[in-house]
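To start, the structure itself, in structure tokens.
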Amino acid sequence: MDFVNAIILLLNYIFIPALTYGSQLALGAIFVTLIYGILRFANFATGDMMSFGTMATILFTWYFQSLGVSLGVLPTALLAIPFGIIFMIFYMLLIDKFVFKYYRNQKSPPVQFAMVSIGVMFVTQAVVRIIIGPGDRRFFDGEKFIIKAREFKEMTGLNEGLALKSTQVITIFVTIVLVSLLFWFLNRTKTGKSMKAYSDNEDLALLSGIDPKKIVLVTWVIAGILATIGGALYGLDKSFKPFTYFNNMLPIFAAAIVGGIGNPFGAFLGGYVIAFSEILLTYAYKKFFMYILPESMEPNSLVQLLSTDYKFAVSFSILVIVLIYRPSGIFKGKVL
């Protein structure tokens, strides 16, 4: 029985949160790798673009809530996300037209693009804070828990309870569906194959009749979808605070690089690698060992490798190690 309690403990505090957090990072990492693979620059505004899409979703959520529109036990934000996506895509296309397009026409080096994206990051961050403010915003109005820890204990008779939030299930389900559709689009449709051809060899793709303007447009549209949904899912699961999305830039980039920059599938898996690493290394295992070890060997300390304050240090360390020993990432080769 103690062993089962130990397993439930890990499920509750490590595996389910890591799957949820990993799904959110995965969408951001695919965003990064898509922009890098096709537009050929590291977009440091990723976190704040996710913040902008989430902000638009929150504003529409509040509007629907003011009208009394809801989805019952599901969050109203699911109804608002499509409208948030439209605003996010419009904003991205606006930024591309007035900022990135100029440097693309000038054939600027990737480093210059990256520096420009930092400027876009600060502008986007300022816009979000001016519109919605710097504080926490909660916009979840559905049933918070599918099952509560107390209910689980009563049903099973175990000491440990398993709590499962509806936002966690929604996040994992939506991520799987969205990523599956994206991979199908890239590998099965004519436009997706054109994007891969453009990424592989721009000059040859142009000679083949591929329209670069269409490729850029579709790339930003897909990026807008990923940014808004990924950001909104993160905000639903936790809360929305603009600066948090800026902080998430490090684990998102780490996930993209660990999976192999330019490789969407690698970026997808990289999100889970980073999420599980952060949570596994910062969780306090004292209670777990109390279940599985004899009483005489029970630990007195928290048995925590790192404090949760150093969560982002885990991402940074993994990023450095991968860049030193396997710079191509988990999956070698550029498959976008």
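The values are calculated or read from the model by the stated rules, or taken from the named source; none is laboratory data. Since we're looking at a predicted model, the values are computed, not measured. So basically every Cβ, Gly included, is an ideal-geometry build from the backbone, and we count neighbours across all protein chains shown. Only protein heavy atoms, including side chains, enter the accessible area calculation; ligands, DNA and RNA are left aside. Shrake-Rupley method; radii C 1.70, N 1.55, O 1.52, S 1.80 Å.
Things worth noting here:
- Exactly one residue out of Thr282, Thr308 is under 21 Å from Leu19 (Cβ atoms), open to solvent by less than 40 Å² (accessible area, probe 1.4 Å), over 15 Å from the mean Cα position of the chain (by Cα) and free of Cβ contacts under 8 Å to residues at least 40 places away in the same chain, and it is Thr282.
- Residue that is at pLDDT 90 or above and farther than 20 Å from Ile330 by Cα, where the choices are Leu281, Leu293: Leu281
- Scanning the stretch 244-264 for residues that are at pLDDT 90 or above and surrounded by fewer than 19 Cβ atoms within 10 Å (Cβ to Cβ) yields a count of 1.
- For the stretch 15-49, taking the residues that are aromatic (Phe, Trp, Tyr) and not in a helix (DSSP H, G or I), the one that is least open to solvent (accessible area, probe 1.4 Å) is identified as Phe41.
- Take the conditions (1) touching a Leu at 6+ places or on another chain (Cβ under 7 Å); (2) modelled with pLDDT of 95 or more; (3) surrounded by fewer than 16 Cβ atoms within 10 Å (Cβ to Cβ); Leu71 misses just one of them, which is (2).
- Flag set for Lys107, criterion: at positive phi and either in a helix (DSSP H, G or I) or open to solvent by 30 Å² or more (accessible area, probe 1.4 Å) (or both).
- Selection from the stretch 227-245 of residues that are in contact with a Ser or Thr (Cβ under 7 Å, 6 or more places away or on another chain) and not in a helix (DSSP H, G or I): Phe240
- Some residue of the stretch 151-167 being in a helix (DSSP H, G or I), closer than 18 Å to Gly72 by Cα and of a type outside the set (Lys, Arg): yes
- Index of the failed condition, Asp203 passing every other in (1) at pLDDT below 90; (2) in a helix (DSSP H, G or I); (3) in contact with a Lys or Arg (Cβ under 7 Å, 6 or more places away or on another chain): (3)
- The condition of being open to solvent by less than 20 Å² (accessible area, probe 1.4 Å) and among the polar types (S, T, N, Q) holds for only one of Ser194, Ser199, that being Ser199.
Matching residues to (1) within 19 Å of Gly266 (Cα to Cα); (2) of a type in the set (Ser, Thr, Tyr); (3) in contact with a Gly (Cβ under 6 Å, 6 or more places away or on another chain):
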position: Arg138; (1), (2), (3): no, no, no
position: Ile146; (1), (2), (3): no, no, no
position: Lys153; (1), (2), (3): no, no, yes
position: Ala163; (1), (2), (3): no, no, no
position: Gln168; (1), (2), (3): no, no, no
position: Ile172; (1), (2), (3): yes, no, no
position: Ile176; (1), (2), (3): yes, no, no
position: Gly192; (1), (2), (3): yes, no, no
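- Filter result (assigned to a loop (DSSP other than H, G, I, E, B) and open to solvent by 70 Å² or more (accessible area, probe 1.4 Å)) within the stretch 133-150: Pro134, Asp136, Arg138, Glu143, Lys144, Lys148
- Only one entry in Ile95, Ile89 is modelled with pLDDT of 95 or more, over 21 Å from the mean Cα position of the chain (by Cα) and closer than 24 Å to Lys196 by Cα, namely Ile95.
Listed here are the residues, each with its yes/no results for (1) open to solvent by less than 60 Å² (accessible area, probe 1.4 Å); (2) in contact with a Lys or Arg (Cβ under 9 Å, 6 or more places away or on another chain).
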| site | (1), (2) |
| --- | --- |
| Gln112 | no, no |
| Val127 | yes, no |
| Ile131 | no, no |
| Phe152 | yes, no |
| Glu160 | yes, yes |
| Ile170 | yes, no |
